[in-house]
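Asker: Here it is, the structure in full.
The values are calculated or read from the model by the stated rules, or taken from the named source; none is laboratory data. None of the values given here were measured: they were computed from a predicted structure. Glycine gets a Cβ as well: all are built from the backbone with ideal geometry, and neighbour counts include every protein chain shown.
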Amino acid sequence: MKGKIVRVAGPLVIARGIPGAKMYDVVRVGNAGLVGEIIELKGDEASIQVYENTSGIGPGEPVITTGAPLSVELGPGLLTSIFDGIQRPLDVMREKVGDFITRGLDIPPLSREKKWDFEPAVKEGEEIGEGDILGEVQETKYIRHRILVPPGIKGKVRKIRGGSFTIEEEIAVIKTDDGKETSLTMLQKWPVRRPRPFKKKLPPEKILITGQRVIDAFFPLAKGGTACVPGPFGSGKTVLQHQLAKWSDAHIIIYIGCGERGNEMASVLLEFPELEDPYTGEPLINRTVLIANTSNMPVAAREASIYTGVTIAEYFRDMGYNVAVMADSTSRWAEALREISGRLEEMPGEEGYPAYLPQRVAEFYERAGRVICIGKDGREGTLSIIGAVSPPGGDLSDPVVQATLKVVKVFWSLEDWLAYRRHFPAINWLTSYSLYVENLESYLKKEIAEDWLNLRKEALKILEKEADLQEIVRLVGVESLSPKDRLLLETARSIREDFLHQNAFDPVDTYSPLKKQYLMLKIVLEFHHQLIKLLEEGKDIQDLLSHPLREEIARMRYVKNEDEKTLSDLLERVRKIGEVAHV
Amino acid sequence: MFKEYLTVREISGPLVLVEEVEGVKYDELIEITAPDGSLRRGRVLEVHEDKALVQLFEGATGIDIYRTRVRFLGRGIEIGLSLDMLGRVFDGMGRVRDDGPPIIPEITLDINGSPINPYSRDYPSEFIQTGISAIDGLNTLVRGQKLPIFSGSGLPHARVAAQIVRQAKVLGKEEKFAVVFAGMGITFEEADFFLKSFEKGVALSRTVVFLNLADDPSIERIATPRVALTCAEYLAFYKDMHVLVILLDMTNYCEALREISAARKEVPGRRGYPGYMYTDLASIYERAGRIKGKKGSITQMPILTMPEDDKTHPIPDLTGYITEGQIILSRSLHRKGIYPPIDVLPSLSRLKDRGIGKGKTREDHADLFNQLFSAYAHGKEVQELAVILGEESLSELDRIYYKFAEIFEEVYVNQGEYEERSIEETLDLGWKLLTLLPQSELKRVRPEFIEKYLPKEKFTPERGG
């Protein structure tokens, strides 16, 4: 029994008479066996969004359901992989069919041949339940891949064995309470549209260190938090996403290239094996999973790609890791939704987007969080999501931006005028915000310095004041300002140019540890205080504006990260400029 | 033989509805014989049971409901390719347009191509010297990049493009290269200008030209860039050539896309353009690049005219989101008589970082670039300020920047249409300009480079040049 195609319109296929058709089941479409998903059922007719190019498919061709929803394979071998939107391994695809993407391929996401050394963590006869650690595999040098008891399984370990196995070989047998025996392998599957379960959600409390000064110092993201990066083209969204993927202190990074440029994925593939993870010294690729569905790949698979990515992220979170997901760009995902919705002839909402867009966006970001994982050891895992948004013309009233801002807690507003001035990262310090500062307060005070948040507050205040003063300067000229205000303008400039501006392509400046960030900001502000004091003592403003220490402050960024002494010394000298001036 | 249908039911604009068909596939190529015997082509946009909605490529004039015959060809739109195409001129669908003999194809390929597997892509990193300072120095082009020119009506984009075609080269290498030119909806004069300039510079024998002129059917334009890119892929990936593709003018292409979308009564997106325009444009632009293990490459330079010079218009906006940067031409520079009128500040080449520096251009390139850029940006800001406050109210330092921005435009951006500057000349010129600023302002260049490259003498621009 097979269904039959009645209509083909781009990525949407309508078929009739598929036996046992259920919503969101994966089907094989046409003689070519294209992968699709049922997204609407009307009587006997099923609407199918097809994840591959439908050219050459026509009415009368068969449709077979697989009876299962769109799922990802989870198990050892995920790290260092590159998948398309529905988790087909692109490297294996290249080996099999060459340099161009072909349709109807059926390649398993994870290698069936590769053997992994499994070390059991439980003994025969032990009682175990869902989420408990069955054993571990050293997947890459620093990542131990924990094999967990799949959700819904509980009982006594009948059999468990260590050694070298493929992901399909039996590693354990569990006798469940009703007397049935379940065989477990290292390979598990999970439907992408269903969030994986956890025991309890907690508010985030630790900072996700990114090494980017404007983010860590001004608009920090918490581990388990959500952030969005909207900006017009050319404002540096992708460079920022790459920076975060490189330097975030997460254990695992899932990078989703959703409807973006092919060469960008090529650059990730080129750089990540070369770059060192600053926390372990290992190549960055060893903690990374890449999902690449570039803009010229089928549009429906773009819709699936962010779910594929976030499900893999949840899987690692459940092992007790800190995971960060970068989705670039969620606008392309929303456009895929719009395109499918349009073909289904649904009533459009704003800008042609379907009315359920905000709901889908919220559901996606809600999969982030800091949780107590299932399993009896009560381990904690976090999942942070950073989504780029590409609003048309940089217009923030775009429905995707608005729907995203409603749910995320951190907003890094990228602006093209900053990019034109080559101020990178082009994050606007006046309009961006982070709602995590309070959550992080006690942690930051303990880990960095008591006065860290005060410095932040003061710096932001100076920048705010600068914006006001600039209005005046524009009208009447800089000469009309009081010397104190002119000093403030100069300090604001210093905060912007010497602290906030960061060169992603400089080997040292690309990443600043928190301690260095603290010292840099401290120096800038201390310098300001000292100069104000000198000014009050009657020193000439021109001399203060061209103080020789400015030169050194401007070069702070190039001081090696491990060299704290140079900056501490500079701070000392800044503190003493008053005394020197008296001599 | 293919079955012929006489069951055309509806004709509206470029769309034809054929009924009682059998075995028709989505995206299939069709041939229509009009009552007068003329042959048209089209493709299937949608099939619903025994009805096929067909989009014509050549306009519906002369087609009727009763006598028109339709054949479904069972394949996509294909083009026959051969090396003999070099030096020839074709129409927008790839048929011979000049007086030469027909092409005997070596291989036939579907014009839609297939997406390059991102894993197979080789990252573009070879510097292309265009001989234009504003591009080489500040918005460096690399092989395999897609870098569009955003222009406006009346701006000299055609001259800039022609100059790039004439001068573009990869230093220190003698390799096979070719130019594929696709003209969409351009006028005869524009087309003629390009053909003449090809004759002068790169011998016409290295060029393949596809022309869909302004008076050719607009819907044929949907196929033109795809035909051209299929030809480029053949030259690059089958024949190991480095291909530069010029697409002029993408605005006309997008308008044709809108025309079809409107005829299908689809829900329009911004400014009436279809919601899937991003995806559609991506399927064209993403066909640039390099592939690991293959010698050839495709570099794309699409040109588009921004309606009302508006960068946020959907066409430049979506293009900018897909391409790897953009070169923006400025009307105010053009009015000042500066050629090429490249507006340096909003222009950008995203791939330049791997194409510049030691071993590619010169070690000081990145620092110099940052310094020139920020100095010019500051100078432009000061100029704006001076408009409000008057030049007198500027501080001394600001006045220096004011001057710098002026000289930068006149000396660095401005150059002759036939002037080819080597990268060394471009970089040295940049350093010369930096002598106009106090040395304490050069914060973005490393001290060792200042030592090595900054001329000791202050630069004095020649006036009236």
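Asker: Among (1) within 14 Å of another protein chain (Cβ to nearest Cβ); (2) aromatic (F, W, Y); (3) under 27 Å from the mean Cα position of the chain (by Cα), where does A:F100 come up short?
Answerer: Just one mismatch for A:F100, condition (3).
Asker: For region B:416-431, indicate whether the set of residues that are closer than 23 Å to B:A161 by Cβ, at pLDDT 90 or above and among the polar types (S, T, N, Q) is non-empty.
Answerer: Yes, that holds for at least one residue.
Asker: Suppose the filter is within 14 Å of chain A (Cβ to nearest Cβ), over 13 Å from the mean Cα position of the chain (by Cα) and surrounded by 19 or more Cβ atoms within 10 Å (Cβ to Cβ); does B:Y278 pass it? It would help to see each step written out before you state the result.
Answerer: On the way: within 14 Å of chain A (Cβ to nearest Cβ): yes; over 13 Å from the mean Cα position of the chain (by Cα): yes; surrounded by 19 or more Cβ atoms within 10 Å (Cβ to Cβ): yes.
Yes, satisfied.
Asker: Within region A:292-313, which residues are away from chain B (no Cβ under 14 Å) and either within 18 Å of B:L281 (Cβ to Cβ) or hydrophobic (A, V, I, L, M, F, W, C) (or both)?
Answerer: In the first step, residues of region A:292-313 are kept if they are away from chain B (no Cβ under 14 Å); the result is A:304, A:306-313.
Selection gives A:A304, A:I306, A:V310, A:I312, A:A313.
Asker: Would you mind finding the one in A:K465, A:K522, A:K560 that is assigned to a loop (DSSP other than H, G, I, E, B) and either surrounded by fewer than 17 Cβ atoms within 10 Å (Cβ to Cβ) or not hydroxyl-bearing (S, T, Y) (or both)? Can you show your working first?
Answerer: Numbers: A:K465 fails: assigned to a loop (DSSP other than H, G, I, E, B); A:K522 fails: assigned to a loop (DSSP other than H, G, I, E, B).
After ruling out the rest, the residue left standing is A:K560.
Asker: Can you confirm whether A:Y433 is in the same structural domain as A:V229 (by TED's automatic domain parsing), closer than 26 Å to A:P204 by Cβ and surrounded by fewer than 17 Cβ atoms within 10 Å (Cβ to Cβ)?
Answerer: The answer is yes for A:Y433.
Asker: Looking only at region A:274-291, count how many residues are of a type in the set (G, A, S) and within 14 Å of another protein chain (Cβ to nearest Cβ).
Answerer: Residues meeting the conditions: 0.
Asker: Taking the criterion of being assigned to a helix (DSSP H, G or I) and within 20 Å of A:V478 (Cα to Cα), would at least one residue in region B:428-440 satisfy it?
Answerer: No.
Asker: Got a sec? Which of A:A368, A:A362 is in contact with a Leu (Cβ under 8 Å, 6 or more places away or on another chain) and in the same structural domain as A:A222 (by TED's automatic domain parsing)?
Answerer: A:A368
Asker: With the condition kept exactly as written, say whether any residue in region B:111-129 is out of contact with any helix residue (DSSP H, G or I) (no Cβ under 9 Å at 6 or more places or on another chain), surrounded by fewer than 21 Cβ atoms within 10 Å (Cβ to Cβ), of a type outside the set (A, V, I, L, M) and within 14 Å of chain A (Cβ to nearest Cβ).
Answerer: Yes, region B:111-129 has at least one match.
Asker: Regarding region B:33-46, can at least one residue be identified that is in contact (Cβ under 8 Å) with a residue 60 or more places away in the chain and on the phi > 0 side of the Ramachandran plot?
Answerer: Looking through region B:33-46, none of the residues is in contact (Cβ under 8 Å) with a residue 60 or more places away in the chain and on the phi > 0 side of the Ramachandran plot.
Asker: Let me ask you something else. In region B:11-29, what residues are among the β-branched types (V, I, T) and closer than 23 Å to A:E52 by Cβ?
Answerer: B:V24
Asker: Let me ask something else. Give the residues of region A:278-290 that are without any contact (Cβ under 8 Å) to a residue 60 or more places away in the chain and touching a helix residue (DSSP H, G or I) at 6+ places or on another chain (Cβ under 7 Å), sorted by residue number.
Answerer: Passing the criteria: only A:L284.
Asker: Also, I was wondering about something else. Find the residue count for region A:473-501, including only residues that are away from chain B (no Cβ under 12 Å), in a helix (DSSP H, G or I) and over 37 Å from the mean Cα position of the chain (by Cα).
Answerer: 4
Asker: In addition: Do you know which residues across region B:360-390 are at pLDDT 90 or above, within 19 Å of B:I407 (Cβ to Cβ) and among the polar types (S, T, N, Q)?
Answerer: B:Q371, B:Q383
Asker: Residue by residue through region B:5-62, note down the ones that are within 14 Å of another protein chain (Cβ to nearest Cβ), small (G, A, S) and part of a strand (DSSP E or B).
Answerer: B:A52
Asker: Identify, from the list A:A504, A:A449, the residue that is closer than 17 Å to A:V574 by Cβ, outside any helix (DSSP H, G or I) and within 32 Å of the chain's Cα centre (by Cα).
Answerer: Values: A:A504 fails: closer than 17 Å to A:V574 by Cβ.
Result of the check over A:A504, A:A449: A:A449.
Asker: Considering only residues that are assigned to a strand (DSSP E or B) and closer than 30 Å to A:T102 by Cβ, which ones fall in region A:245-282?
Answerer: A:I253, A:I254, A:Y255, A:I256, A:G257, A:C258 - these are the residues of region A:245-282 that are assigned to a strand (DSSP E or B) and closer than 30 Å to A:T102 by Cβ.
Asker: Same structure again: So which of A:A32, A:A46, A:A21 ends up being within 14 Å of another protein chain (Cβ to nearest Cβ), of a type outside the set (D, E, K, R) and more than 33 Å from the chain's Cα centre (by Cα)?
Answerer: A:A32
Asker: Does A:I107 fit the bill of being modelled with pLDDT under 95, buried (at least 17 other Cβ atoms within 10 Å of the Cβ) and over 23 Å from A:I153 (Cβ atoms)?
Answerer: no
Asker: Of the residues B:L333, B:L318, B:L304, only one is within 13 Å of another protein chain (Cβ to nearest Cβ) and either outside any helix (DSSP H, G or I) or touching a residue at least 40 places away in the same chain (Cβ under 8 Å) (or both); which?
Answerer: After ruling out the rest, the residue left standing is B:L318.
Asker: Across region A:145-190, what is the total count of residues that are surrounded by 18 or more Cβ atoms within 10 Å (Cβ to Cβ), assigned to a strand (DSSP E or B) and of a type outside the set (G, A, S)?
Answerer: 11
Asker: Could you say which residue among B:F198, B:F181 is at negative phi, of a type in the set (F, W, Y) and at pLDDT 90 or above?
Answerer: Criteria check complete, one pass: B:F181.
Asker: Are any residues in region B:6-32 under 19 Å from A:G60 (Cα atoms) and touching a residue at least 60 places away in the same chain (Cβ under 8 Å), and if so, which ones?
Answerer: Scanning region B:6-32 gives a single hit, B:D27.
Asker: To continue, here is another question. Please list, ordered by residue number, the strands (runs of 3 or more DSSP E) wholly in region A:24-141 having 2 or more residues that are touching a strand residue (DSSP E or B) at 6+ places or on another chain (Cβ under 7 Å), of a type outside the set (A, V, I, L, M, F, W, C) and closer than 30 Å to A:G378 by Cα.
Answerer: A:71-74, A:116-120, A:133-138
Asker: Further question on the same structure: Mind listing whichever residues of region A:131-170 are of a type in the set (K, R) and closer than 25 Å to A:V289 by Cβ? Full working, then the answer.
Answerer: So the first thing to find is which residues in region A:131-170 are of a type in the set (K, R), and the list is A:141, A:144, A:146, A:154, A:156, A:158-159, A:161.
Those that are of a type in the set (K, R) and closer than 25 Å to A:V289 by Cβ: A:K141, A:R144, A:R146.
Asker: Among the residues of region A:212-244 satisfying the criterion of being more than 15 Å from the chain's Cα centre (by Cα) and part of a loop (DSSP other than H, G, I, E, B), which is surrounded by the most Cβ atoms within 10 Å (Cβ to Cβ)?
Answerer: Among them, the one singled out is A:G231.
Asker: Spot the failing condition for B:V267; the list is (1) facing chain A (nearest Cβ under 8 Å); (2) within 23 Å of A:G257 (Cα to Cα), and only one is missed.
Answerer: Here B:V267 clears every test but (2).
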